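Here the structure is laid out as structure tokens; the discussion comes afterwards.
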Amino acid sequence: MATALVLANGERPPEALMARRVAEADLFVCVDGAAAAALLAGLTPDLVVGDMDSLAPGARAWLTCSTTELVELVEQDTTDLEKAFYTLADRAVSEVLVLGAGGRRWDHFLVNLMTFARYADRLVIRAEDEFGTLTMLAPGPVHTLDLQVGERFSLLPLPSAAGVATTGMHWTPAPTLAMDGAQGISNVVDAVPVTLRYAAGSLALYQLSKRPSRA
């Protein structure tokens with residue numbers, strides 16, 4: 001199943017991180033004006049999706065003459081990131097890694113989180129920056145989390161998650177996590193494997209990039 005790297009038009013990620021993730025992905029997708037950041041880093045996207053209102057004319061002209069496919073969607077009921085998500089889901093992409101989802105404007109960052117939650121049943125979604133990785137966890141199955149003893153992490157309800165059951169965590173999360181109730185911030189791994197299951201809602205795992213050194 002295909003995986004896509006999606007570069008959103010938020011804070012520009014480090015070029016080394018972009019290049020590494022582009023090399024690992026089957027498809028490199030830019031969200032509207034983020035294509036300019038890719039070109040500045042010497043990276044050519046396979047696909048640019050959005051209403052194209054923030055794509056500089058020079059960048060668009062260059063992309064038009066390249067192998068890049070431009071998917072212009074002018075409807076204004078969704079953000080450009082959501083346009084990219086539904087375009088990829090319709091093309092049988094199963095997993096996306098998003099760079100550039102944070103930074104700049106708070107309203108854009110928050111709506112990006114809402115979009116992650118809304119599409120978590122159609123795509124396996126991760127978002128990364130130089131500080132850490134956010135992974136959307138689907139309700140139902142038992143997740144074995146890629147965490148080490150001593151590692152700090154957070155569980156983030158978006159906006160709530162019910163029927164939460166875990167193993168290996170220092171602080172046992174409440175059965176129901178919610179934005180207006182119990183939180184799962186800054187827990188620590190006591191034992192591996194760390195497992196998590198929840199019955200309904202939407203929940204994300206946040207892991208810091210720097211892990212404790214192995215003995």
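Within region 50-71, does at least one residue satisfy the condition of being in a loop (DSSP other than H, G, I, E, B) and at pLDDT 95 or above? Please lay out each step first, then the result.
As a first pass, look at region 50-71 and keep what is in a loop (DSSP other than H, G, I, E, B): 51-56, 65-68.
Among the residues that remain, those that are also at pLDDT 95 or above are: none.
No, because not a single residue in region 50-71 is in a loop (DSSP other than H, G, I, E, B) and at pLDDT 95 or above.
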Condition met for LEU145 (under 21 Å from LEU203 (Cβ atoms) and either buried (at least 20 other Cβ atoms within 10 Å of the Cβ) or touching a helix residue (DSSP H, G or I) at 6+ places or on another chain (Cβ under 8 Å) (or both)): yes
So, in region 78-105, how many residues would count as being in a strand (DSSP E or B) and buried (at least 21 other Cβ atoms within 10 Å of the Cβ)? 4
Under the condition of being farther than 23 Å from GLU15 by Cα and either aromatic (Phe, Trp, Tyr) or outside the structural domain of ALA37 (by TED's automatic domain parsing) (or both), which residue from region 107-134 is nearest to the chain's Cα centre (by Cα)? PHE116
Filtered residues of region 106-128 (kept if within 15 Å of VAL31 (Cβ to Cβ) and assigned to a loop (DSSP other than H, G, I, E, B)): LEU123
Is it the case, given these coordinates, that PRO157 is of a type outside the set (Val, Ile, Thr) and in a strand (DSSP E or B)? yes
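So, of the residues in region 165-214 that are more than 24 Å from VAL124 (Cα to Cα) and modelled with pLDDT under 95, which turns out to be surrounded by the most Cβ atoms within 10 Å (Cβ to Cβ)? Explain how you work it out, then say what you get.
Here is the first cut: in region 165-214, the residues more than 24 Å from VAL124 (Cα to Cα) are 170-172, 174, 180-182, 188, 190-191, 212-214.
Next, from what is left, pick out any that are modelled with pLDDT under 95: 180-182, 212-214.
Values: ASP180: 8, GLY181: 11, ALA182: 13, PRO212: 11, SER213: 7, ARG214: 6.
By that ranking, first place goes to ALA182.
The values are calculated or read from the model by the stated rules, or taken from the named source; none is laboratory data. Remember, it's a predicted structure, so these values are computed and weren't measured experimentally. A quick note on method: Cβ atoms are made from the backbone with ideal geometry, for glycine too, and the neighbour counts reach across all protein chains shown.
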